[in-house]
Each structure stands twice: as structure tokens, then as C-alpha cells.
1. Along region A:143-150, what does the Karplus equation 6.51 cos²θ - 1.76 cosθ + 1.60 (θ = phi - 60°) give for ³J(HN,Hα), rounded to whole Hz, x for Gly and Pro?
2. Can you give the mean number of other chain Cβ atoms that lie within 10 Å of the Cβ atoms in peptide A:187-199?
3. Name the residues of region A:85-125 whose amide N is less than 16 Å from a point 7 angstrom out from the Cα of A:Lys8 along the C-beta direction?
4. Expressed as a whole number of Å, what is the distance separating the alpha-carbon centroids of region B:183-217 and region A:189-228?
5. Classify region B:42-201: rounded, prolate or oblate, from the alpha-carbon gyration tensor (a ≥ b ≥ c, eigenvalue square roots; a/c under 1.5 rounded; otherwise prolate if a/b is larger than b/c)?
6. Would you work out if the protein assembly as shown is rounded, prolate or oblate? Take a ≥ b ≥ c from the square roots of the eigenvalues of the alpha-carbon gyration tensor; rounded if a/c is under 1.5, else prolate when a/b is larger than b/c, oblate otherwise.
7. Before rounding to the nearest 500, sum -39500 (n - 2.57) across all DSSP H runs of length at least 4 in chain A and divide by the residue total; then give [θ] at 222 nm in deg cm²/dmol.
8. With respect to the cross-link table entries B:Lys134/B:Lys162; B:Lys10/B:Lys82; B:Lys8/B:Lys134; A:Lys161/A:Lys254; A:Lys33/B:Lys254, which display a Cα-Cα separation exceeding 24 Å?
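Throughout, read-outs are computed from the coordinates displayed, never taken from laboratory work. Since the model is a prediction, treat every value here as computed from it, not as a measurement. Glycine also receives a Cβ, built like all others from the backbone with ideal geometry; neighbour counts cover every protein chain displayed.
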2 protein chains.
Amino acid sequence: VETILESKTKSVVIGPDRPLVIIGERINPTGRKQLAAEMAAGNYDRVRADAIAQVEAGAHMLDVNAGIPMADEPAILAEAIKIVQSVVDVPISIDSSVVAALEAGLSVVEGKPLVNSVTGEEERLESVLPLIKKHGAAVIGISNDETGISHEPDVRFAVAKKIVDAALDFGIPRADVLIDPLVMPAGAVPGAGWATMQVTRRIREELGVNTVCGASNVSFGLPGRGSLNATFLAMMIANGLTAAITNPNELEIKRAIMAADVYMGHDENCVAWITATRVSESEGDRGGDRVSRRQRREARRARREKLDG
Amino acid sequence: VETILESKTKSVVIGPDRPLVIIGERINPTGRKQLAAEMAAGNYDRVRADAIAQVEAGAHMLDVNAGIPMADEPAILAEAIKIVQSVVDVPISIDSSVVAALEAGLSVVEGKPLVNSVTGEEERLESVLPLIKKHGAAVIGISNDETGISHEPDVRFAVAKKIVDAALDFGIPRADVLIDPLVMPAGAVPGAGWATMQVTRRIREELGVNTVCGASNVSFGLPGRGSLNATFLAMMIANGLTAAITNPNELEIKRAIMAADVYMGHDENCVAWITATRVSESEGDRGGDRVSRRQRREARRARREKLDG
């Protein structure tokens, strides 16, 4: 099944036969004190800059969150979305746990957005899903409910199914529901990664909906987060993940996603991979990848062969 | 099922509930002209150095190959194995397509080795499997046969099953057969990676044997091979891979394997990950991982918490 999101003029398709869709995570004041203070004060310069930088780094969509304690979240979220739309032309993921903020975001967003998110709690389903239906949006369902976040893969799957069924009841098509299988920090919950992968695979195979996950939470509290997040995304893609809310400016993450696209057969003739590697090398950017002399020779050869062919 | 390999004094266990077993690939003259010339001339200095360096970098076992055109492969392979055993104490993978060389290797190896490899060709099965049985070794079965290497996952799986069945017929227990699902270059065969992952998963679920793969072939002809190989291994582990023949000296590969171990629940309390990241940082080795100031702060905090706890 394919989920279609739209900005004013562009559309993005999320699906198992497509490259992984990258949803830029940076426009989020959680844990970013300066950004939070600026947004609360009506200064959106950093929002603008982060929007542009993420799209330049390869984000296909942008998540916009305005969860600032004691602030007018609906007004700020709506304003941030307008600002983002004024500088980049990609579909938006409206990110809030406050229904009024989702409504405010939906009222200003252009095209067909993603709403991030609804949980499996009855009260949330009943307040959020009608909004999705009314605005013709797509929604991310997070597989936890009144009982909290279960460590049992079977329970996670059951909650995911409950959300999909509820959406169908509200007249929202299966294609417009994405499930977030909910990633727990690997440092806190041993084996959580593998369990999440199995849930992701079951959701794809048995529910036939697309999946999305945030890839930062998994490395919480651990060193070397870039490598950890990159590896986790690759492992999730290998189990059917179709979209990720992540930071495309982190080279390791971007490279892991692009390499995974190659292996999934979603990068025809490896054109995207070869091009990105070539640019990275010509800029002398060797941070996330120890490009050896041999590898550079190979890149040159691949390029020559391409030019010759 | 668990496969146990032994050196003179140490044993290594390959299995789905264990960290990925790394089999060092470097002692192989294929594509290493200087090493080939030295080995043919009876100079094993580089073999010695490569053995030590790979074990220091985290190899649990070492693959030894002496496939040099026009040279006396059985004699050189036996000598190389003796040399390796004299400097490191890890189980050996005896790597040759020549039966006489496998015999020579088996006659000098200490402990219980892995034999790399047998194909699904009748003539190979009948010449190699009796040797495995006689020496009580374990064997890698490669899923191709008389008809060549199929791109069809079902055919690959059928060949794997044929090898396991043949081994059982010869009295070799299931635990002593590992299947190599055979990785094709991603640049040459689009979607080959995903197909190989599905075969790996089926082999684990339906045949109940361990799997092993070489992780270098997949990036053949492409630039950025370190990232490509690292990502591929992570994706294979996420589908049940239990061992890899690879280069532990490549930091990106080593880090991807260690991160995957964390997610599979095979690195209790992330001790191996945290330790390795800390060492890497204290040595100022920031090659394969852009370690930010924030990440280093977190590493220090994790360490403090560990010391406090």
C-alpha cells in the first residue's frame, strides 16, 4: 500500500517499493532550549534555517513540533508551519500531542499532511481520527494505549491493529495510516531493538500498512549515537520500515539509509549512492566514512565506466 | 542450534542467541598480489601480522586461504594454518575449493575447524562431506549447484536444504552445517540484497541452521565500500545472520556489528559498545563516527553511572 503526502506543489509517496522516506526531525523544541526560547518569543529564524538545511540534506518531508511548556502551542505550531511552508516545498508532519494544536496546524497546512500522532487510547482515537477524516490527512498511530507501553511484541501488534481498525471505522483508508512500532532505548530495555523489528515486520505482513519510526530514542543515554541510530535504521529497513523521522544532516544516518535503499532495490543502478559518495568525496567530507585511497580509486573507476557506457 | 568451533584451547559458539561471530577474512591472497607472492615464496610475515591484527581488532576466528595460481595450494595452506596457530589462539576456517588443500589443512589444524566450503553440486558434496565427518569438523554450505547461482530465492533455499540433508545423510549433525546464502554484488544485481536477506531468514526459520556470509562481495565495483558493507551486515543480522567473514579492522564494519549486537540483545548492558566507544574516543579515533562533544559528554556520564552503580 502507498501513502501519498502533499505540499503545495509536490507529492511524496511512502511505500514498500519506494526509497525510505526521510522526515526531518529537527524542528522540535524538545531538548533544544534555545530553539524553544526563540519560538516562544516569535523568532523563527532557526526554524527557517533548519527547514532549509534538512531539505538540502535530503529530507523528503519535515516534522514540525512546537511543544514548549507554558507557551501557546496551537498558535506557535500554526505559525511555524506557515514559516516552513514559506521557505521549502515539502509535505509537513504536524507533530503534537495536543488536539487543539493539531487542529491549528491542520487549518494552515497546505496540501495533504501527516499528523503525528494518535495512540491506541480510546479517548485519543475518538478525538484525533475525526480530524484526520475531516481534513483528508494521513496519521501516525503509535502502538501504546491506556495500559502504557508494552514490552510484549504481541501486545504492541494488537494495539497497532486496534488503531488501524479504528481508522477504518472512521472512514480513513488503510493507506493513510502509518504505524510507529515505538522504539525503546536499547540501553534501558535489552533486546528491545529485535522485538521492535519483529513487530515492524508483522505490521507490514499482516496489517499491510506502512511503518515509520523515530530513530533517536533507541540510542538514548548511550555514546556513539550516530552509529547506533544509523545501524538501527538499516536493521528496521531490512524488516520493512518505510519511513523514518530522523536527522538527515547526520552523515552516518544518511549514508546508512542510502545504502539500505541500494540493498532493497530502491536505488536503480545505484545512481543515488554513487552520486552522493562522489559529492562527499569531492568536498573532502570524510567524517562519517573513512574513504580510503582504494575506495576513491574505485569511485573514479565507477564514474569513468558510467561515462564510457 | 549452536555451532561450536575450537582452537587448541579456546572455543567459539555460533548461534542465534550469541553475538555475531566475526571470522577475519584478510589471510587470503585473492586480490592481494604482494601477499600471494610472499606466500608462494614461503614468506609468512604478513600472514603472521594479519592474524595478530585481526584478532586484536575483534575477530573470533580466522579464515585462511592459500588460493594462489600455479602454486602448491595444499602445502601452502597447511603451512599458513600452522603459522597462524603459532601466533593466535582462535578457531580456524580452512578456505579452499580444492579438496586436497582442505585435506592438507585438516591434517594440521588444531581443535575443531570450520571448512569453507562445499557447494550443492553432487560431486562436491560427495568429496567434501566425508572429510568433514572424518575430522569432526563443521562446514559452510554455499547455496549454488550445477545450475550455477540462481537469482531466485526459492532456488537458493532449495539448494541450502539439499546441502543440509546431504550432510545429515553423511552423519554430520545439523549444528555443524552453516549456510552461506551467497551475496551477489548489489551494483550488478538490483534487489539482490533484499533477496539474500529473505533467504537468510528462511534458512534460520525453516532449516534451523546457522548462517554465515562474506560481506565484501556485495559492494563490489561501488564506491564507499566500508559503509555499504557495514550497512549490509546490519541488515543481514536483522534477518538472523549468525556469523560473517569480514574485516574487523574496518572501523565502520566493526561498529555496525557491535551496534547490531546491542539491538539483538546480545550485548548485556551495552558493556561492549560503551567500552569500545570509550576506547575509540580516548584514542582520538573519530574516523568512522562523528563523535560530537555531546556524545562524549554522554559517554562520560554513562561511565560515571556505571562506576557509581
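1. Residue by residue, region A:143-150 yields 7, 9, 9, 3, 7, x, 9, 7 Hz.
2. For peptide A:187-199, the averaged partner shielding equals 4.
3. Once the point is set 7 Å along Cα→Cβ of A:Lys8, A:85-92, A:108-113 turn out to lie under 16 Å by backbone N, inside region A:85-125.
4. 21 Å
5. Prolate, since a/c reaches 1.5 and a/b exceeds b/c.
6. The shape class here is prolate.
7. -14500 deg cm²/dmol
8. Correct reply: A:Lys161/A:Lys254; A:Lys33/B:Lys254.
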